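Asks: First the structure, which I've put down as structure tokens, then a few questions once you've had a look.
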Amino acid sequence: MKPRHILLASAVAAASFGCNSNITEDTSTQTETVAADNLQQKLDAYTTVRLTADLNNLSANEKKMIPLLIQASDIMNKLFWYEAYGKSDSLLATLDNEAARQYVKINYGPWDRLNNNEPFIPGVGAKPEAANFYPENMTKEEFEQANLPDKASQYTFLRRDANGKLITVPYHVQFKEEVQQVSDLLKQAAGLAEDPGLKKYLNLRAEALLTDNYQPSDLAWMDMKNNKLDIVIGPIETYEDKLFGYKAAHEAYVLVKDMEWSDRLSKYAAFLPELQRGLPVPAKYKTETPGTDSDLNAYDVVYYAGDSNAGSKTIAINLPNDEEVQLKKGTRRLQLKNAMRAKFEKIMEPIAEELIVEDQEKYVTFDAFFANTMFHEVAHGLGIKNTVNQKGTVREALKEHASALEEGKADILGLYMITQLAEKGEIEGDLKEYYTTFLAGIFRSVRFGASSAHGKANMVRFNFFQENGAFERNEQTGKYSVNYEKMREAMNKLSEKILTLQGNGDYAGVGNLLNEQGQISPQLQADLNRLSKANIPVDIVFEQGTEVLGL
């Protein structure tokens, strides 16, 4: 395979905010010793994808909107740099190795997101669990004791005043200049919008960035049905905060809806209430009713920025995260079709050839990959959002463990949904395709490392399935085969376990599960190393922007 050269996103903006740099003073000299071959090997773990889309069905005004939305999204790069690391220009200025600079930009910092956030620049310590959301020297105990009403808000930083006392700083205050720029760009785009729902959403999102009150724009986003363009922008996911899992990080996606594919997917949301009632768990853990406005749509994504662009790239989205909006309106599941197909062709198919037994390799298909990914997002709407024992929301009760368990729930309940719908004759294809592709998908995802929420979720599922005989490994060939009946049994068993842990708000129990089964075994690591030796990329980076789109 020819070497893959990294083409970075059109602009990974450098943040100019002051904070802890997490880098020693002599790093500039130490970086000279960074092994170029090792860094090039890390870069080669990514393969480049050109993000394009068919814009022929867009109006002239819609085509004019895209550059404005990309400009607004690009500012999210600057904000996420600050949240993930701090002062990026002070780090990049110390690096005279181009490979190091490129890999720092891919990771938004000096820690390898595909390798459990291990530092790859000499002189850099471990990545702080607090990222840059909290003071570097703040303890969990100090946070818990602080009498600050908005300390657990998704949209505040914790900082210290002149006397060293903890204070909160709202995002819209910390980023006053930047969010004003984004707000203005979104309002300009709204002025060009022809779809009333999109116009309303863009105007409300523009206001939300100035106030950190996102619920009105989330509700408006759920009300949109006929828009051909979309943008997901703002502080959204809490994965970067590994201290508590409270703080949301800034990101953006600019999207062009595939109207034909979206129509094909629209029917599945109607099955959510019925599937909720049939979950393999005691009744008290499934009393909530999913919102009926949930919908499924397929998109071509034309721009990633911030959190979504760091390390491994998202290929499907389930939003909003606001539990009140979810219970009232449901969620929207966005399948990023062009990015998904790129990952399937460049990564999934080669993995299946290397690790799946020959007579089951034919069952690894794009349609099954698309469906597994789609129903993962749908399954976020199933289960339980509030604990059964007055511990508050599941997210509040499980703290930093909430994201990993929620991702595990979505994976396993997505497969449960496929099984149920296949038996009702509502989806096409052999269940063997979905189950075998599901196993191949675990191999793809665990290569992202066990440090991410998705990585831990994948490892718990892999180890749980292995213990329950859902698949077997041939010692002679090193390839895996699925036991379809036992996989179904393991699926139901793990579904019940996860939903019970969530409903009980069992923080200690979830911690034990992640610690005991969220690790990569030496045998699995050896098999994953075979994929690297075969030059199978781990993930993708993008050549993206207005020039790529011909705008």
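Asks: Rounded, prolate or oblate: which one fits segment 393-551, using the alpha carbon gyration tensor with axes a ≥ b ≥ c (rounded when a/c is under 1.5, else prolate when a/b beats b/c, else oblate)?
Replies: rounded
Asks: Write down the percent of antiparallel bridges among all DSSP beta bridges whose residues are both part of segment 27-543, to the nearest 5.
Replies: Counting only bridges with both partners in segment 27-543, antiparallel ones make up about 75 percent.
Asks: Kindly put T211, T436 in sequence by how many other C-beta atoms sit within 10 Å of each C-beta, fewest to most.
Replies: The order, fewest Cβ neighbours first, is T211, T436.
Asks: Same structure again: How high is the FRET efficiency from E98 to Q523, r the C-beta distance, R0 35 Å, rounded to 0.05?
Replies: 0.45
Asks: Of K225/K313; K64/K228; K151/K242, which ones are farther than 18 Å apart at the Cα?
Replies: Pairs exceeding the cut-off: K225/K313.
Asks: As a test of the formula, what do you get for the chain when each DSSP H run with n ≥ 4 contributes -39,500 (n - 2.57) and the sum is divided by the residue count, at 222 nm and rounded to the nearest 500 deg cm²/dmol?
Replies: After summing the helix terms and dividing by residue count, I get -14000 deg cm²/dmol.
Asks: What is the sum of charges, Lys and Arg at +1 and Asp and Glu at -1, for the other residues whose Cβ falls under 10 Å from the Cβ of I356?
Replies: Value of the local net charge: -3.
Asks: Still on this structure: Need the list of aspartates and glutamates near K424 for cross-linking: C-alpha distance under 14 angstrom, and skip anything on the same chain fewer than eight residues off.
Replies: E274
Asks: Show me the helices of the chain, taken as full DSSP H stretches, that run 20 Å or more along their long axis by Cα and average -0.5 or above in Kyte-Doolittle hydropathy.
Replies: 60-84, 176-192, 196-211, 402-423, 431-446
Asks: Calculate the FRET efficiency for D150 and K187 from the Cβ-Cβ distance with a Förster distance of 25 Å, rounded to the nearest 0.05.
Replies: After rounding, the FRET efficiency stands at 0.40.
Asks: Give the aspartates and glutamates whose C-alpha is closer than 16 Å to that of K486, dropping any in the same chain fewer than 8 places away, or say none.
Replies: E433, E467, E472, E496
Asks: Right, next: Using a/c under 1.5 as the rounded threshold, could you call the chain rounded, prolate or oblate? The axes a ≥ b ≥ c are square roots of the C-alpha gyration tensor eigenvalues, and prolate needs a/b larger than b/c, oblate otherwise.
Replies: rounded
Asks: Cβ neighbours within 10 Å, averaged per peptide: list 128-137, 421-430, 81-90, 356-365 in order, most packed at the top.
Replies: 81-90, 128-137, 356-365, 421-430
Asks: Which aspartates and glutamates does K200 reach when only Cα atoms under 17 Å apart count, and residues fewer than 8 places away in its own chain are ignored?
Replies: E62, D184, D218, D223, D230
Asks: Still on this structure: State the Cα centre-to-centre distance between segment 333-356 and segment 476-550 in whole Å.
Replies: Centre-to-centre distance over Cα atoms comes out at 15 Å.
Asks: Extending each Cα 7 Å along its Cβ direction at Q420 and R264, get the distance between those two points in nm, one decimal.
Replies: Inter-label distance under the simple model: 2.4 nm.
Asks: Please name which of L265, L549, F143 has its Cα lying farthest along the dipole of the chain towards the positive end, using unit charges on Cβ (Lys, Arg +1; Asp, Glu -1) and the Cα centre as origin.
Replies: L265
Asks: Within the set K187/K328; K78/K328; K267/K329, which residue pairs have Cα atoms separated by over 24 Å?
Replies: Long pairs (Cα-Cα over 24 Å): K187/K328; K78/K328.
Every number in this text was worked out from the coordinates using simple rules, so none of it is lab data. These numbers were taken from a predicted model, which means no experiment stands behind them. Cβ coordinates were reconstructed from backbone atoms using ideal geometry, including for glycine residues, and neighbour counts include every protein chain displayed.
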